[in-house]
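Data block below; observations after.
The values are calculated or read from the model by the stated rules, or taken from the named source; none is laboratory data. If you're wondering where the values come from, they're calculated on a predicted model, not measured in any experiment. Because the Cβ atoms are built from the backbone with ideal geometry, glycine has one as well, and the counts that use them run over all protein chains shown. The protein model used for the area step is the full one, side chains on, heavy atoms only, and it has no ligands, DNA or RNA in it. Shrake-Rupley method; radii C 1.70, N 1.55, O 1.52, S 1.80 Å.
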Amino acid sequence: MRGGLRGGVPGPARAVAGDKSRVLLTALLLDAGRAVSVESLRDALWGGAPPVSAQASLHNHIARLRRLLDDPGRLLTVPSGYVLRIDEGELDVHVFDAHVAEARAAHTGQDWERVVRVCADALALWRGAPLAGLPPEVGGYAFAQRLREARLLLLEWRYDAELALGGPRLNELVPELAVLTGEYPLREGFYRQLMLALHRTGRQAEALAVHRDLRTRLVGQLGVEPGPGVREAHVAVLR
């Protein structure tokens, strides 16, 4: 039942993409191992306008999903609703979270080669926006937001490591970081790293221009100055 980070949906979901069984499976996976009430599943499937036959239809969808699973016994009926049993490590999202924890520890310990390796393993699991293509009634906003933030942290940690290691990759970092500053115009970490990459490849004037652009944006939109990380990078470039 391994699956990608696109909603953390396991393999059987791919076989039912686009129908109610996929929505049902995702709603159960968001609370894997815990009871999900009939009301919550009904909302996920039909929102605020369930059909008169919603109760019977839900039972039919549950039965169909059981047939699609590798082990029908995974989907249990309990007094309050249904429980989907998932073992640790069966979903890519579990593996992703483990990689994030390992990368965090390696970054704290400045084990830069390990940071690069673990971040690459984690980012390789990323195959699109979490819960993409699913109706908002499924929920999971906080889940998806957590994964998106974890991905950005992995990118920042990897670039920190690559800047520390140096070498020929420095020239490749500049265009990659330029793209990220465009996608996340208020995320200071990527600006700091872009400034350092430019500085270390002999492009000090461009590094200072990046700082001016960020400072103008932060002051104009948020009324704040750049944080200590960017200020330290700015001083490094000036020196």
Check your understanding: Leu155 is checked against (1) modelled with pLDDT of 95 or more; (2) out of contact with any Leu (no Cβ under 9 Å at 6 or more places or on another chain); (3) under 30 Å from Val93 (Cβ atoms) and fails just one. What number does that condition carry?
Key -> (2)
**Study point:** Considering residues of the stretch 1-45 that are open to solvent by less than 10 Å² (accessible area, probe 1.4 Å) and of a type outside the set (A, V, I, L, M, F, W, C) only, the residue modelled with the highest pLDDT
**Key:** Thr26
Practice item. For the stretch 138-150, indicate whether the set of residues that are closer than 15 Å to Val93 by Cβ and among the acidic types (Asp, Glu) is non-empty. Key: yes
Review point. Within the stretch 93-132, can you find the residues that are small (Gly, Ala, Ser) and either within 16 Å of Glu162 (Cα to Cα) or in contact (Cβ under 8 Å) with a residue 24 or more places away in the chain (or both)?
Key: Ala103, Ala106, Gly109, Ala120, Ala122, Gly128, Ala129, Ala132
Practice item. Considering only residues that are of a type outside the set (A, V, I, L, M, F, W, C) and either outside any helix (DSSP H, G or I) or under 18 Å from Leu152 (Cβ atoms) (or both), look in the stretch 218-239 and name the one that is most open to solvent (accessible area, probe 1.4 Å). Key: Arg239
Check your understanding: Tally time: how many residues in the stretch 103-133 are open to solvent by 30 Å² or more (accessible area, probe 1.4 Å) and over 16 Å from the mean Cα position of the chain (by Cα)?
Key -> 11
Study note, to complete from the structure: The residue from Gly89, Gly139 that alone is free of Cβ contacts under 8 Å to residues at least 12 places away in the same chain, at positive phi and surrounded by fewer than 21 Cβ atoms within 10 Å (Cβ to Cβ) is Gly89
Review point. Taking into account only those residues within the stretch 172-212 that are assigned to a helix (DSSP H, G or I) and aromatic (Phe, Trp, Tyr), which is farthest from Glu149 (Cα to Cα)?
Key: Tyr191
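Under the condition of being of a type in the set (A, V, I, L, M, F, W, C) and surrounded by fewer than 12 Cβ atoms within 10 Å (Cβ to Cβ), which residue from the stretch 46-62 is nearest to Ala32 (Cα to Cα)?
Restricting attention to the stretch 46-62, the residues satisfying the condition of being of a type in the set (A, V, I, L, M, F, W, C) are 46, 49, 52, 54, 56, 58, 62.
Applying the additional criterion that residues be surrounded by fewer than 12 Cβ atoms within 10 Å (Cβ to Cβ) yields 49, 52, 56.
Numbers: Ala49: 25, Val52: 28, Ala56: 23 Å.
In this case the residue turns out to be Ala56.
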Review point. Can you name the residue in the stretch 57-102 that is farther than 18 Å from Val23 by Cβ and among the aliphatic types (A, V, I, L, M) and, of all such residues, is nearest to the chain's Cα centre (by Cα)?
Key: Val100
